[in-house]
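Comments concern the structure below.
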Amino acid sequence: MREFNLLEGYPRPKNPRYVNSKLRTINSRILASYRDKDYYDGTRENGHGGYKNDGRWVKVAKKICDEYNLNNKSSFLHIGCEKGFLMNDIKNLYPNMNICGIEISKYAIDNSMNSVINNITKSNYLDLKQFKSNSFDFIYAPGVVYEHNITDAIKCLKEIIRISKQKSFITLGSYNNKDDYWLLKNWTLLGTTILLKSEWEKILKHVNYKGDYYFTNADNLNLVNKKLF
């Protein structure tokens, strides 16, 4: 188990992301919870603000394959694969790799890339009984664990552990102080469990998680408080 920034090649926001309790409201979170057009291709207040394949996943795909020694004989699962952009870029690197994705959003699946749409299954992330134990050489699940409450986050982690061959990567919503907490809380639309790093580490130890992890926080999201007037 190690803290590791697998997303180092993913573009960091050049400009600050301004947040406060009035920019992303409870109405934004209600709309986002449906994970349909409003969340993916609506306004930025309600989600991605237009989720397009602009090539930003190419470097991440290469880093995944290099870091975890994936090739045409490997098996890869993306939990929460959305429109399948990363899956497509990995497939371009290794066309014969066994690539699978699961996604909870019907809208995302219906609008996923033709190259991988048949590799994506609609499923929740807590009971992956469609997969046998030790099924995948690598599991990629950013943003998935901390969108659940602690009970379900633990269930999700245990399923990742069960179906992986120990190699996996997750991200966890975290904070260092009260200001950090509220910045992330006011930004995230689907994140539910935001904890101190030390608290997440106790959970990972509790479930005997052996994979890699990275903390999503106000700093690496470049969040800045926009004062209310």
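Could you tell me which residue of the stretch 22-74 is farthest from residue 104 (Cα to Cα), considering only residues that are touching a residue at least 60 places away in the same chain (Cβ under 8 Å) and of a type in the set (Lys, Arg)?
Residue satisfying both the conditions and the ranking: 22.
From (1) surrounded by fewer than 12 Cβ atoms within 10 Å (Cβ to Cβ); (2) in contact with a helix residue (DSSP H, G or I) (Cβ under 8 Å, 6 or more places away or on another chain), pick out the condition that doesn't hold for residue 53.
(1)
For the stretch 62-94, give me each residue that is small (Gly, Ala, Ser) and over 14 Å from the mean Cα position of the chain (by Cα).
The answer is 74, 75.
Might you check whether a residue that is out of contact with any strand residue (DSSP E or B) (no Cβ under 9 Å at 6 or more places or on another chain), under 20 Å from residue 142 (Cα atoms) and β-branched (Val, Ile, Thr) occurs anywhere in the stretch 78-90?
No, every residue in the stretch 78-90 fails to be out of contact with any strand residue (DSSP E or B) (no Cβ under 9 Å at 6 or more places or on another chain), under 20 Å from residue 142 (Cα atoms) and β-branched (Val, Ile, Thr).
Step by step: first the residues of the stretch 83-128, then only those that are in a loop (DSSP other than H, G, I, E, B) and of a type in the set (S, T, N, Q), then the one that is surrounded by the fewest Cβ atoms within 10 Å (Cβ to Cβ). Which residue is that?
Here the residue is 114.
Filtering the stretch 143-159 down to residues that are part of a helix (DSSP H, G or I) and in contact with a helix residue (DSSP H, G or I) (Cβ under 8 Å, 6 or more places away or on another chain), which residue is surrounded by the most Cβ atoms within 10 Å (Cβ to Cβ)?
Checked the stretch 143-159; the qualifying residue surrounded by the most Cβ atoms within 10 Å (Cβ to Cβ) is 145.
Quick check on my filter: what residues within the stretch 72-81 are outside any strand (DSSP E or B) and surrounded by fewer than 24 Cβ atoms within 10 Å (Cβ to Cβ)?
Hits for the stretch 72-81 are 72, 73, 74, 80.
When the residues of the stretch 205-220 are narrowed to those that are surrounded by 18 or more Cβ atoms within 10 Å (Cβ to Cβ) and either hydrophobic (A, V, I, L, M, F, W, C) or touching a Cys at 6+ places or on another chain (Cβ under 9 Å) (or both), which ends up farthest from residue 15 (Cα to Cα)?
215
Do you know which residues across the stretch 160-187 are surrounded by fewer than 17 Cβ atoms within 10 Å (Cβ to Cβ) and farther than 28 Å from residue 67 by Cα?
176, 177, 178, 179, 185, listed by residue number.
Quick one: in the stretch 60-71, which of the residues that are surrounded by fewer than 16 Cβ atoms within 10 Å (Cβ to Cβ) and touching a helix residue (DSSP H, G or I) at 6+ places or on another chain (Cβ under 9 Å) is farthest from residue 135 (Cα to Cα)?
Going through the qualifying residues, I end up with 62.
In the stretch 4-33, what residues are surrounded by 13 or more Cβ atoms within 10 Å (Cβ to Cβ), in a loop (DSSP other than H, G, I, E, B) and not aliphatic (A, V, I, L, M)?
4, 5, 9, 10, 20, 24, 25
The numbers here are math on the coordinates, done by the rules we state, and not lab data. Just so we're clear, the structure is a prediction, and the values are computed from it rather than from any experiment. Quick reminder, even Gly has a Cβ in these numbers, built from the backbone with ideal geometry, and neighbours come from all protein chains shown.
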